[in-house]
Amino acid sequence: MVVVLTSIVPLPFWHPAAAKGFVLDWDGVLADTRLDFHKIRNKYFNGRLVPLLESSYLLEEKKREELERELLEVEMEGAKRATPVAGAHELIDWLEENHVPWAVVSRNCSASVQEAALRCGIKLPKHVFTRDEKPIKPDPRVLWAAAERLGVPYKECVVVGDFLYDLQGARRAKMRAILVERKGETWAHWADAEFESVKSLVEALRKPTPLVPWEYRKLVKQKGERWLRRAWQMTLSLPVEAPKVFDVAYEAAKLGVGCLVVKENAQISLEQWAYSRLLTLNWVEKPLLEGLNFFLKEKFPQLNIRHGDDAVTLPSDPEDMEPFLEEKILRC
């Protein structure tokens, strides 16, 4: 049986055990090929840590072809000595036992993935995306394609990876992101959760506990989980006539408010466009609810924004938001 999110943790908390689809990186998550691209970077890019595939266009055609051949050689050599990452088989077993569809999305070439899978004794899933097909990570389109093939809404998928491109791709694709095998990296803050190893991820999947999602991590660090729990239970009306209504809404969402209410006939005014740092003129006179969903839901995907006028109204100045909420939370 697939574990249901609300049976594990209440919103806005989350856990990957509730995801309806998994998108796994290959090298470093399932297979350990110990790839080393230092020689290639030194030869073609003076040792700079550039993305090799995306930066190859800077080279002359002959040099680009040489780089691609050397890249293939490194990947195939790594594939021939591949061993399964500790916990990889257990992760696949958990996915299969819980009937969670999964796909592999890798920047490696298809031949190296196939070879490494044989060496590791891993049966690849039906859907495998490699650099032989375009686009490649961190382009979000390849992650959306994986979700579509799995038959799962992309917002209900989680990406598991061991490198920055996995996290960047997941964020751009509006998917949750898990970092494994690379705990403590400077770029790890892009992940929704870090696990020291694939094994520890599997243990967490078997015994889920609430996790703070990426968009509320800074808030919880500053205010604590109690604040988030209380703020999330609030339903508050937006001051729809306020010039800074978009800033008010953003501050409320950033501080953890779970539901924002908008009067049904509220439209975006010219004055609100003038005060906003984001609005373009074509939003003027469009429904305010539509504009708020467009600008807020990507960063706060669990936030509920709906029509209504049945709640206490928020202050019209975003600078008053924190003390306003603090007073209410302290009363709880």
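In the range 66-106, which residues are among the hydrophobic types (A, V, I, L, M, F, W, C), part of a helix (DSSP H, G or I), touching a residue at least 60 places away in the same chain (Cβ under 8 Å) and closer than 22 Å to Phe163 by Cα?
Residues satisfying the conditions are Ala88, Leu91, Ile92, Leu95.
Tell me whether the range 112-123 contains one or more residues that are hydrophobic (A, V, I, L, M, F, W, C), part of a loop (DSSP other than H, G, I, E, B) and buried (at least 22 other Cβ atoms within 10 Å of the Cβ). Steps first, answer last, please.
If we filter the range 112-123 for residues that are hydrophobic (A, V, I, L, M, F, W, C), which is where we start, we get 113, 116-118, 120, 122.
So of that shortlist, the ones also part of a loop (DSSP other than H, G, I, E, B) come out as 122.
Filter again for buried (at least 22 other Cβ atoms within 10 Å of the Cβ), leaving none.
No; the residues of the range 112-123 include none that is hydrophobic (A, V, I, L, M, F, W, C), part of a loop (DSSP other than H, G, I, E, B) and buried (at least 22 other Cβ atoms within 10 Å of the Cβ).
Taking the condition of being out of contact with any strand residue (DSSP E or B) (no Cβ under 8 Å at 6 or more places or on another chain), within 26 Å of Ala19 (Cβ to Cβ) and either of a type in the set (Ser, Thr, Tyr) or open to solvent by less than 50 Å² (accessible area, probe 1.4 Å) (or both), how many residues in the range 61-90 meet it?
Number of matching residues: 1.
Among the numbered criteria (1) free of Cβ contacts under 8 Å to residues at least 24 places away in the same chain; (2) buried (at least 20 other Cβ atoms within 10 Å of the Cβ); (3) more than 30 Å from Arg34 (Cβ to Cβ), which one does Leu179 miss?
If we test Leu179 against (1) free of Cβ contacts under 8 Å to residues at least 24 places away in the same chain; (2) buried (at least 20 other Cβ atoms within 10 Å of the Cβ); (3) more than 30 Å from Arg34 (Cβ to Cβ), just (3) comes out false.
Consider Glu271 carefully, then state whether it is open to solvent by 60 Å² or more (accessible area, probe 1.4 Å), without any contact (Cβ under 8 Å) to a residue 60 or more places away in the chain and either out of contact with any Cys (no Cβ under 9 Å at 6 or more places or on another chain) or farther than 23 Å from Arg171 by Cβ (or both). Steps first, answer last, please.
Working: open to solvent by 60 Å² or more (accessible area, probe 1.4 Å): yes; without any contact (Cβ under 8 Å) to a residue 60 or more places away in the chain: yes; either out of contact with any Cys (no Cβ under 9 Å at 6 or more places or on another chain) or farther than 23 Å from Arg171 by Cβ (or both): yes.
Yes.
Are any residues in the range 189-227 assigned to a loop (DSSP other than H, G, I, E, B) and either free of Cβ contacts under 8 Å to residues at least 40 places away in the same chain or surrounded by fewer than 17 Cβ atoms within 10 Å (Cβ to Cβ) (or both), and if so, which ones? Steps first, please.
At the first step, the residues of the range 189-227 found to be assigned to a loop (DSSP other than H, G, I, E, B) are 191-192, 196-197, 207-210, 212-213, 224.
Passing the criteria: Ala191, Glu196, Ser197, Lys207, Thr209, Pro210, Gly224.
The values are calculated or read from the model by the stated rules, or taken from the named source; none is laboratory data. Please read these numbers as outputs of a predicted model, since none were measured by experiment. Here the Cβ is made from the backbone with ideal geometry for all residues, glycine too, and neighbour counts use every protein chain on show. Just the protein is used for accessible areas: all its heavy atoms, side chains included, with ligands, DNA and RNA removed. Shrake-Rupley method; radii C 1.70, N 1.55, O 1.52, S 1.80 Å.
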